[in-house]
Each structure stands twice: as C-alpha cells, then as structure tokens.
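Each remark here refers to the structure printed beneath this line.
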Amino acid sequence: MSQPSVILATASYDHTIRFWEAKSGRCYRTIQYPDSQVNRLEITPDKRYLAAAGNPHIRLFDVNSNSPQPVMSYDSHTNNVMAVGFQCDGNWMYSGSEDGTVKIWDLRAPGCQREYESRAAVNTVVLHPNQTELISGDQNGNIRVWDLTANSCSCELVPEVDTAVRSLTVMWDGSLVVAANNHGTCYVWRLLRGTQTMTNFEPLHKLQAHKGYILKCLLSPEFCEPHRYLATASSDHTVKIWNVDGFTLEKTLIGHQRWVWDCVFSVDGAYLITASSDTTARLWSMSTGEDIKVYQGHHKATICCALHDGAEPATS
C-alpha cells in the first residue's frame, strides 16, 4: 500500500476510525474499534502510525497497512485517555487521562516509563516545543507544567477556580500558551523567551471567545508565518479564527450543525480540518472561511481528527 502524502483520519462514537483522501473526500480505510469510544487521534511524526486514545487504553495502528489489528496497545491508564501526542523524533509518546495521571511511554519498550499525578481528571496535555516540558489541564481548572528533566511539577496555575480546562495549545516557538475552558474563555500567557525553562507565565490576554464550551483551541503552525492564528472550536457549532496580534476575530467558520469537538491545521496553516457531532468532518479554507470538502461516512458524532500533511523528519 503506497503511503499517501497527506494522512487524514477521524474517529467517531460509531466505534470506527476512518482514513480519508483529503482532496476527493473518499474514505479508503475503516478500522472497527469495538472496545470503547476514541477520544483523540494523533499521527506519529514519521507518518507510520496512528495513535487512538480510548478507554482506558491507547492503541497504535499501522498507517500503511490494511490490518484491522493494532500493532501495539498501551494499557496502564484506568479511565478515559483524553490526550495523546508524540515527542518530535517519535521516540516517546505522552498521554493524559481522566484517571488523573499524565504518562510517558517509550515506543521502543513495553509499559509506561513515567507517571505524574494531577489529582483531577486530565482533559488536555501538550508538549512544549523545547521537548522537555509537558503542560496539562484538568477538570478542576488546574494547569500544571511537568519538567521532564527534573521529573517534577515545576509550575501550577488556576486561571478560573473549578472551571475545567478543556484544551491547551502552545505556539510553535514557545512564546505563547493558551488555555480554553468550559465557560468559553481563553486565557493567554506569554512564556518568557530565551530561557530553557518556561515556567514563567506572564498574563497577556483574556478572550471571551464563545458563549458555549470551547472543546479545542489550537495555535497555527510555523509555516503559517507571518500570520499567527488561534482557532477555537465550540459547542455553539462554530469555529472562530482569531488573529493572535491583538486577539481580534478574523473569521467565524459556519457550517457544522452540532458541537465542533476538534480541529487541526494543515502544515502551512492554509486549511483547517474540523470534527463535529453532526457526524461530519470538514476541510476549511483559511483565506475564505468557506468549507471546501465535507467528509461523510460516520454514523454518529465525529469526535476527533488527525492530519499530517508535512514532510517526515529526516531519519538519522
């Protein structure tokens, strides 16, 4: 099976993961996932594997095979896995779960290598671009920085007491972090540059982005420069695109009929893929704000999407 240059996958409450041809909208592979719902999808940097975060396991599937079976299962969480991601070389994976823990997994060895206790259900985890710090957000409203070098929590923030942090995103250069919560608010901090540690959060902006929940917030990638955008996906059926320079509203993406759970930028920031409870995923043009492709095939809510249309990292 030849590897597509663009890998686009979605997962749904219908217990399937689907792979799509981004341009044509055709679904070319469906994986049945009977064990649980899939909360999050992530593609490895080398485009070889797709991680599916379920309840309570993480399964790794081969992108370039038609096998319905996972190549690996990671099983030490005890509740819904809500966050999953990879270190830039793809050597290790991180995860966050409603069991209150953040875990690190070496992909070359079985089992979990490290575990951090958040003491509340973890909704979101992101890796700082310095590759040495994880930032988690939980149901009680705590944001914690986990210093992987010191192997400890180096910073704690509570932007709004008892308001769940739903989503976190870090600018590609490590200059900003944004946290989105259940009140439709985004908190933006400047991370002081030039230091190896980034535990210095300087409040920059508070953005009342939506009246409903924000289910995902995402900053635009490096190749989108000089434009810098923040996308916020919401239970109000819309995705809003904000200009990071001043946090003014640039566009509202209207088309989904129900909650928008997830979004992911193309590598150049020219397109955005979204996943919604209306069963569809959509491809949007950032320049026009219009949807240019609808991916139809799931029978229930589409909860998460993953896209990798960039170059694979050079192999050492």
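Among the listed residues 164, 179, identify the single one that is closer than 21 Å to residue 245 by Cβ, modelled with pLDDT of 95 or more, under 17 Å from the mean Cα position of the chain (by Cα) and not basic (Lys, Arg). Write out each step before concluding.
Numbers: 164 fails: closer than 21 Å to residue 245 by Cβ.
Exactly one of 164, 179 is closer than 21 Å to residue 245 by Cβ, modelled with pLDDT of 95 or more, under 17 Å from the mean Cα position of the chain (by Cα) and not basic (Lys, Arg), namely 179.
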Checklist outcome for this item: If we ask which residues in segment 22-54 are open to solvent by less than 70 Å² (accessible area, probe 1.4 Å), farther than 21 Å from residue 260 by Cα and outside any strand (DSSP E or B), their number turns out to be 6
Checklist entry - Which of the residues spanning segment 86-121 are among the charged types (D, E, K, R) and open to solvent by 30 Å² or more (accessible area, probe 1.4 Å)? => result 89, 98, 99, 106, 108, 114, 115, 117, 119
Checklist entry - Only one of (1) at pLDDT 95 or above; (2) surrounded by 21 or more Cβ atoms within 10 Å (Cβ to Cβ) fails for residue 244. Which number is that? => result (2)
Checklist outcome for this item: Within segment 52-81, the residues that are over 18 Å from the mean Cα position of the chain (by Cα) and aromatic (Phe, Trp, Tyr) are 74
Item to check | Answer residue from segment 278-296, given it is small (Gly, Ala, Ser) and surrounded by fewer than 20 Cβ atoms within 10 Å (Cβ to Cβ) and is farthest from residue 223 (Cα to Cα) among those | outcome: 289
Checklist entry - Which residue, of 252, 274, 232, 288, is farther than 22 Å from residue 165 by Cα, of a type outside the set (D, E, K, R) and assigned to a strand (DSSP E or B)? => result 252
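Yes/no matrix, rows are residues, columns are (1) within 16 Å of residue 290 (Cα to Cα); (2) free of Cβ contacts under 8 Å to residues at least 24 places away in the same chain; (3) open to solvent by 20 Å² or more (accessible area, probe 1.4 Å):
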| residue | (1), (2), (3) |
| --- | --- |
| 205 | no, no, yes |
| 211 | no, no, yes |
| 219 | no, no, no |
| 229 | no, no, yes |
| 237 | yes, no, yes |
| 251 | yes, no, yes |
| 256 | yes, no, no |
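The values are calculated or read from the model by the stated rules, or taken from the named source; none is laboratory data. This one's a predicted model, so the numbers in the text were calculated from it and none came from an experiment. Glycine gets a Cβ as well: all are built from the backbone with ideal geometry, and neighbour counts include every protein chain shown. Just the protein is used for accessible areas: all its heavy atoms, side chains included, with ligands, DNA and RNA removed. Shrake-Rupley method; radii C 1.70, N 1.55, O 1.52, S 1.80 Å.
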